[in-house]
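Worksheet: the structure to be examined is printed underneath.
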Amino acid sequence: MEVAATIERFSPRTVSPTVAAFAKELTAAAAPSSQSRARAFLFAASRLGAFGEAMGLDLSPEVLVHPSVIERCCHPQTSAMSQPTRRTVRTNLRAIARALAPEPPPVLLSRERARPPYTRAEMADYLALCDAQPTEARRIHASALIGLCAGAGLVGADMKAVAGTDISSRSGGVVVSVRAGRRPRVVPVLARYHDRLLVAARFAGERLVIGGTAATRRNVTTPLTASLAGGADLPRLEIARLRATWLCEVAEMIGLRAFMDAAGITCSQRLGDLVASLPVVGEAEAVAVLGRRR
């Protein structure tokens, strides 16, 4: 009764009687569950009705309660409403649309979880496995793979074009110039992998560090990890876990957990927006921050 009375009393002065009647009809059809919900629906429906009237559209739910019309009604170029009001009106109009034509429930998709990092002991075992390979080339290629992944956070697309000349000692540490992949960049290497990558760089020269002859080849890591001799008690190396190992180590170095705990942040979704407003970090400073741990 109270909801019905709220709808019946609706008589705004800023819209025409025709628009007001449309808003009342639309709100009643959406069956709001409370007075406050009814008032929110009435306001949103009146904005939609006023837009439809201005555009010469038929004031009927079949015409106006359509996703494209709702978006146009709330677009900054067609609406004088403030941004917060536009968002609220659009949310309520979408709720009305769902009430008039319920959609099937969405299929719930589980979130893909990050791969767990390797422990220090596991990394020591894998490095020992690299050192036990039967030929110098295989020892160096395997060692370079781990150094690039766990020492610099590179993935397959990043590594496929890394040549020996892309690994160098400079800015107070060792860096890798990534030329392939979607994000070319220079990455500081964690100190414990410096020697391994420098040896690999000298061995490769202008050739590819982890083997192969063409930087355009698609799969650069699976053949290498699958061909490791020995280590029957170890699971096959996973590039995703090697990168996760680097990510966790760097996050610990820069105090990311302390920062997120202090800020009350549990998801990093907006951190990229914040980082975009920070000054660019120079190579020497990045090496000092990211390339020091052993």
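In region 162-171, the qualifying residues are those that are of a type outside the set (D, E, K, R) and not in a helix (DSSP H, G or I), and the one that is nearest to I239 (Cα to Cα) is V162. Looking at region 221-229, is at least one residue assigned by TED's automatic domain parsing to the domain that holds D125 and within 27 Å of the chain's Cα centre (by Cα)? The answer is yes, given that some residue of region 221-229 is assigned by TED's automatic domain parsing to the domain that holds D125 and within 27 Å of the chain's Cα centre (by Cα).
Considering only region 236-251, I want to know if a residue exists there that is surrounded by fewer than 13 Cβ atoms within 10 Å (Cβ to Cβ) and either in contact with a Lys or Arg (Cβ under 6 Å, 6 or more places away or on another chain) or closer than 14 Å to P188 by Cα (or both). Give the steps one after another, and end with the answer.
Just the residues of region 236-251 that are surrounded by fewer than 13 Cβ atoms within 10 Å (Cβ to Cβ), to begin with: 236.
After this cut, where a residue has to be either in contact with a Lys or Arg (Cβ under 6 Å, 6 or more places away or on another chain) or closer than 14 Å to P188 by Cα (or both) as well, the list is none.
No; the residues of region 236-251 include none that is surrounded by fewer than 13 Cβ atoms within 10 Å (Cβ to Cβ) and either in contact with a Lys or Arg (Cβ under 6 Å, 6 or more places away or on another chain) or closer than 14 Å to P188 by Cα (or both).
Scanning region 71-87 for residues that are out of contact with any helix residue (DSSP H, G or I) (no Cβ under 9 Å at 6 or more places or on another chain) and assigned to a loop (DSSP other than H, G, I, E, B) returns Q77, A80, S82. In region 203-226, the residue that is surrounded by the fewest Cβ atoms within 10 Å (Cβ to Cβ) out of those that are under 14 Å from R139 (Cα atoms) and touching a helix residue (DSSP H, G or I) at 6+ places or on another chain (Cβ under 7 Å) is F203. For region 209-294, the helices (runs of 4 or more DSSP H) that sit wholly inside it and include 1 or more residues that are in contact with a strand residue (DSSP E or B) (Cβ under 7 Å, 6 or more places away or on another chain) and touching a residue at least 60 places away in the same chain (Cβ under 8 Å) are 283-290.
One line per residue, one yes/no per condition, for (1) farther than 30 Å from L237 by Cβ; (2) modelled with pLDDT under 90; (3) surrounded by 14 or more Cβ atoms within 10 Å (Cβ to Cβ):
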site	(1), (2), (3)
R13	yes, yes, no
A38	yes, no, yes
S60	yes, no, no
R72	yes, no, yes
R90	yes, no, yes
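For region 147-182, filtering for residues that are crowded, with 24+ Cβ neighbours inside 10 Å and under 18 Å from F203 (Cα atoms) leaves 8.
V174 fulfils the conditions (1) aliphatic (A, V, I, L, M); (2) closer than 30 Å to D233 by Cα; (3) outside any loop (DSSP other than H, G, I, E, B) except for a single criterion, (2).
Test P17 against the stated conditions and say whether it is of a type outside the set (K, R), surrounded by fewer than 20 Cβ atoms within 10 Å (Cβ to Cβ) and either at pLDDT below 90 or over 42 Å from the mean Cα position of the chain (by Cα) (or both). Judged against the criteria, P17 is a match. Picking from A157, A132, A161, A114, which residue would you name as being out of contact with any Asp or Glu (no Cβ under 8 Å at 6 or more places or on another chain), outside the structural domain of R236 (by TED's automatic domain parsing) and on the phi < 0 side of the Ramachandran plot? Within the list A157, A132, A161, A114, the selection yields A114.
Within region 1-37, being in a helix (DSSP H, G or I), of a type in the set (G, A, S) and closer than 18 Å to A101 by Cα holds for A23, A28, A29, A30.
For R192, the requirement of being of a type outside the set (V, I, T), surrounded by fewer than 24 Cβ atoms within 10 Å (Cβ to Cβ) and touching a Cys at 6+ places or on another chain (Cβ under 7 Å) is not met.
Report whether or not A95 is of a type in the set (G, A, S), surrounded by fewer than 18 Cβ atoms within 10 Å (Cβ to Cβ) and in a loop (DSSP other than H, G, I, E, B). Here the answer is no, as A95 does not meet what is asked. Sort out which residues of region 184-208 are more than 22 Å from I254 (Cα to Cα) and assigned to a loop (DSSP other than H, G, I, E, B), and write them in order of number. Selection gives P184, G205, E206, R207.
Among the residues of region 114-139, write down those that are part of a helix (DSSP H, G or I), out of contact with any Ser or Thr (no Cβ under 9 Å at 6 or more places or on another chain) and surrounded by 12 or more Cβ atoms within 10 Å (Cβ to Cβ). Listed by number, the residues that qualify are D125, Y126, A128, L129, A137, R139.
The values are calculated or read from the model by the stated rules, or taken from the named source; none is laboratory data. All of these numbers come straight from a predicted model, not from anything done at the bench. Using ideal geometry, Cβ is built from the backbone for each residue, glycine included, and neighbour counts are taken over all protein chains shown.
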